[in-house]
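Novice: I'd like to ask you about the structure that follows.
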Amino acid sequence: MRHLMNPLDFTTEELDKLFDLADDIQAHPDKYAHKCEGKKLATCFYEPSTRTRLSFESAMLNLGGHVIGFSDANSSSAAKGESVSDTIRIISCYADICAMRHPKEGAPMVAATKSSIPVINAGDGGHQHPTQTLTDLLTIRSLKGRLNNFTVGLCGDLKFGRTAHSLVNALVRYDHISFIFISPEELKIPSYLRDKLKELNIPFKEVIRLEDSLPELDLLYMTRVQRERFFNEEDYVRLKDFYILNKEKMKLAPEDMLVLHPLPRVNEISVEVDEDPRAVYFKQVQYGVYVRMALILTLLELA
Ligand code: CP
């Protein structure tokens, strides 16, 4: 039995297979409409979510399966003090697979050690968000036709941004990737990622201004400054509008650059950018359903 905690849990060859399956699901949805009949997905979300929870639920329903779960820790027995380890033992009796989001880093991993069903990390604190990364990679592969040879800019909250951490971890396995990390001083990437890139000889630079980097980028991954990760409201207010991508700034970017964002966005991408063909963050959302369908089938060994 396999779990998914980190994008690196799959080899690049396994990811290719998963993305091929997602492509086939997109092309022939009817072929997959009954694959999960009689199966149940539990969505255990201890933190708010729109996309991840509902795309998992949509994915399971598209496969002919059923969904149970909770979307708020306070409506579960976590509010009475039940541990994640106990909860997953219970969920294992009710469902065939579980997607778990938790504010504490490592909580889904703890659950996986006690689980008798596959557990998917649907985001753990500021640590990892592997299914967002699968979504990002499938989007890039589908729209660019490759996962190598990119200069990738990641912009915004690179300190707490689990989507950014997971994406960097995943992209370093492909050839000729370089990174430009665009963040205020207070929200720089964690040192463990910087050390990893140095160790692997992956070129990267850290800058503050978005405008200076835009002309160099093949992919721009915008992220939200996350109020929920700050201890101090004053710091959040000072940093929340540090970056705003607008039409004027997009003029500096190459014609074929893609703008991705895991969403939700707040102010970091002006709505006027939505009409730009390079803005693909809403397309990303649809790829998220296909890739989660492929993931459920793979972990349930129904692929
Ligand atoms: N991208 C993402 O994780 O969105 P949600 O928080 O809405 O799930």
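Novice: Between the helical axis of 84-94 and the dominant principal axis of the chain, each derived from Cα atoms, what acute angle in degrees is found, rounded to the nearest 10?
Specialist: 50 degrees
Novice: Taking 0.36 nm per residue of sequence separation and subtracting the Cα-Cα distance, how much length would be gained by fully extending the chain between D241 and E82, in nm to one decimal? Write out the running numbers ahead of the final one.
Specialist: Numbers: separation 159, 0.36 × 159 = 57.24 nm, distance 3.81 nm.
Stretched out fully, the D241 to E82 stretch lengthens by 53.4 nm.
Novice: Semi-axes of the chain's equivalent ellipsoid from the Cα gyration tensor, sqrt of 5 times each eigenvalue, largest first, rounded to whole Å?
Specialist: Numbers: eigenvalues 196, 103, 62 Å².
For the chain, the ellipsoid semi-axes come out as 31, 23, 18 Å.
Novice: When only the heavy atoms of the protein chains count and the probe is 1.4 Å, how do T223, T113, T298 rank by accessible area, highest first? Mind dumping the intermediate values first?
Specialist: Working: T223 10, T113 100, T298 45 Å².
Largest accessible area first, the list is T113, T298, T223.
Novice: Next question, about the same structure. Sticking with the crude label model, points 7 Å out along Cα→Cβ, report the distance from T113 to E206 in nm, one decimal please.
Specialist: 3.1 nm
Novice: Ignoring any ligand, DNA or RNA, what whole percent of the accessible area of segment 131-283 comes from carbon and sulfur when the probe is 1.4 angstrom? Numbers along the way, then the final one.
Specialist: Details: 3380 of 6780 Å².
Carbon and sulfur atoms account for 50 percent of the accessible area of segment 131-283.
Novice: Probe 1.4 Å, all protein chains in place: accessible area of C93 in Å², nearest 10?
Specialist: 110 Å²
Novice: Can I ask one more? Tell me the mean residue ellipticity at 222 nm calculated for the chain from its helices only (DSSP H runs of n ≥ 4, each -39500 (n - 2.57), averaged over every residue, nearest 500).
Specialist: Theoretical 222 nm ellipticity from helices: -11500 deg cm²/dmol.
Novice: So how tilted is helix 162-171 from the main axis of the chain? Cα-based, degrees 0 to 90, rounded to 10.
Specialist: The helix 162-171 is inclined about 80 degrees to the chain.
Novice: I've got another one for you. Where Lys and Arg each count +1 and Asp and Glu each count -1, what net charge lies around E57 among other residues with Cβ under 12 Å from its Cβ? Mind showing how you got there, number by number?
Specialist: Details: positive: K40, R51, R53, R292; negative: none.
Local charge sum for E57: +4.
Novice: Hey, another quick one. Taking the Cα centre of each part, how many Å lie between segment 37-80 and segment 160-208?
Specialist: Result: 31 Å between the Cα centres.
Novice: What accessible surface, in Å², does a 1.4 Å probe find on R101, ignoring ligands, DNA and RNA and rounding to the nearest 10?
Specialist: Ignoring ligands and nucleic acids, R101 comes out at about 20 Å².
Novice: At q = 0.12, 0.17, 0.21 Å⁻¹, what base-10 log of I(q)/I(0) does the Debye formula yield for segment 1-93 when every alpha carbon is treated as an equal point scatterer in vacuo?
Specialist: Each listed q corresponds, in turn, to -0.50, -0.95, -1.23.
Novice: Solvent-accessible area of K114, probe 1.4 Å, all protein chains present, reported in Å² to the nearest ten, please.
Specialist: Looks like 90 Å² after rounding.
Novice: Between 0 and 90 degrees, rounded to the nearest ten: what's the tilt of helix 281-299 against the longest Cα principal axis of the chain?
Specialist: 40 degrees
Novice: Could you give me the ³J(HN,Hα) list for segment 136-150, computed from phi with Karplus coefficients 6.51, -1.76, 1.60 and θ = phi - 60°, whole Hz, x at Gly and Pro?
Specialist: With the stated coefficients, segment 136-150 comes to 5, 5, 5, 4, 5, 4, 5, 8, 10, x, 7, 10, 10, 6, 9 Hz.
Novice: Now for a separate question. Which whole-number value in Å² is the accessible area per residue of the chain, probe 1.4 Å?
Specialist: Values: 13310 Å² over 303 residues.
That works out to 44 Å² per residue.
Novice: Quick one: work out the % antiparallel among DSSP beta bridges in segment 131-283, nearest 5.
Specialist: Numbers: 0 of 19 bridges.
Taking every DSSP beta bridge with both residues in segment 131-283, the antiparallel ones total about 0 percent.
Novice: Any of K198/K283; K159/K251; K159/K249 with alpha carbons more than 31 Å apart? Name them for me. Walk me through the numbers before you get to the answer.
Specialist: Working: K198/K283 33 Å; K159/K251 28 Å; K159/K249 24 Å.
Pairs exceeding the cut-off: K198/K283.
The values are calculated or read from the model by the stated rules, or taken from the named source; none is laboratory data. Quantities reported herein were computed from a predicted structural model and do not represent experimental measurements. Methodologically, a virtual Cβ is constructed for each residue, glycine included, from the backbone with ideal geometry; neighbour enumeration extends over all protein chains shown. In case anyone asks, the SASA skips ligands and DNA or RNA and just uses the protein heavy atoms, side chains included. Shrake-Rupley method; radii C 1.70, N 1.55, O 1.52, S 1.80 Å.
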